[in-house]
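Taking it in order: structure first as structure tokens, then the write-up.
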Amino acid sequence: MRVELLEALLRARAEKRRVCLVRRLDGGGESLWVDGEVTAGPPLEPPLAAAVEAAVREDRARLVETPSGRVFLEVLNPPLRLVLVGAVHIAQELVPLAHRLGFRPVVVDPRRAFATAERFPGVELVDAWPDEALEALDLDRRTAVVTLTHDPKLDDPALEVALRSPAFYVGALGSRRTHARRVARLGAAGLSEAEIGRIHAPVGLDIGAVGPTEIALAIMAEIIAELRGAPLARRQPVTETVP
């Protein structure tokens, strides 16, 4: 591996960016793909670029055949995280499910009576105010954020940080009417229509979920769909008028 390519790889890893090392096994050298662009080495022909995109989405290395020979795609993505704002019952169901799916869960709640090791054994707990906590967590393209408290004083500051970050998924618990009010507040706080439009709300796939366990399943299913680029229809933007 050339020194300049290695240095670019180390920089991308330090910045927690999505990375794929493209190794042409039959000659042609190596290329470094970082967040959709080749930052070192020869450019990628369209079919190979599409294969890289798919490998990165799936977090899976693969060997592909091209007209010029075999190419090995080594995926070096940062770890997945799920940041939950609100140490509530749904969070208790989300944490073990997130673990099984390869996410590192982090629970943020300044209410120390809720965010306890007894309720969340072995989980990273942050008792700072949500906006301060999310700023410190340095949200990246491999982070999903879900607000669960129903309390605008906690959820809104977290959403303001998350929506201005590279986080790949931002969801918020609450009904359509609750979300309409949330949209109005976030707009008044200065967020753009495009930023607010990133929110998945009501959070989770519409599977008719009842109770914390089923709601957690619906949320994780939607997060995985967003992560893998599944062609699921997004809900229509909230247009309900709120008094």
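The values are calculated or read from the model by the stated rules, or taken from the named source; none is laboratory data. Worth saying up front: this structure is predicted, and the values here are computed from it rather than measured. Counting neighbours? That spans all protein chains shown, and the Cβs are built from the backbone with ideal geometry, glycine included.
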Odd one out for Ala209, checked against (1) over 19 Å from Ala98 (Cα atoms); (2) in contact with a helix residue (DSSP H, G or I) (Cβ under 6 Å, 6 or more places away or on another chain); (3) among the aliphatic types (A, V, I, L, M): (1)
Options Leu63, Leu10, Leu25, Leu73; residue that is surrounded by fewer than 15 Cβ atoms within 10 Å (Cβ to Cβ) and modelled with pLDDT of 95 or more: Leu63
So Ala40, is it without any contact (Cβ under 8 Å) to a residue 24 or more places away in the chain and under 27 Å from the mean Cα position of the chain (by Cα): no
Condition broken by Leu76, with the remaining ones in (1) touching a strand residue (DSSP E or B) at 6+ places or on another chain (Cβ under 8 Å); (2) of a type outside the set (Ser, Thr, Tyr); (3) free of Cβ contacts under 8 Å to residues at least 24 places away in the same chain satisfied: (3)
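In region 129-172, which residues are among the aliphatic types (A, V, I, L, M) and either buried (at least 24 other Cβ atoms within 10 Å of the Cβ) or assigned by TED's automatic domain parsing to the domain that holds Arg17 (or both)?
Leu134, Ala144, Val145, Val146, Leu148, Ala158, Leu159, Ala162, Val170, Ala172
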Given (1) surrounded by fewer than 20 Cβ atoms within 10 Å (Cβ to Cβ); (2) at pLDDT 95 or above; (3) assigned by TED's automatic domain parsing to the domain that holds Val161, number of the condition Ala113 does not satisfy: (2)
Residues of region 173-195 that turn out to be within 27 Å of Pro79 (Cα to Cα) and crowded, with 21+ Cβ neighbours inside 10 Å, as a count: 1
Region 188-208, residues that are within 12 Å of Leu159 (Cβ to Cβ) and not in a loop (DSSP other than H, G, I, E, B): Glu195, Ile196, Ile199, His200
Residue within region 201-215 that is modelled with pLDDT of 95 or more, in the same structural domain as Val95 (by TED's automatic domain parsing), more than 17 Å from the chain's Cα centre (by Cα) and aliphatic (A, V, I, L, M) present: yes
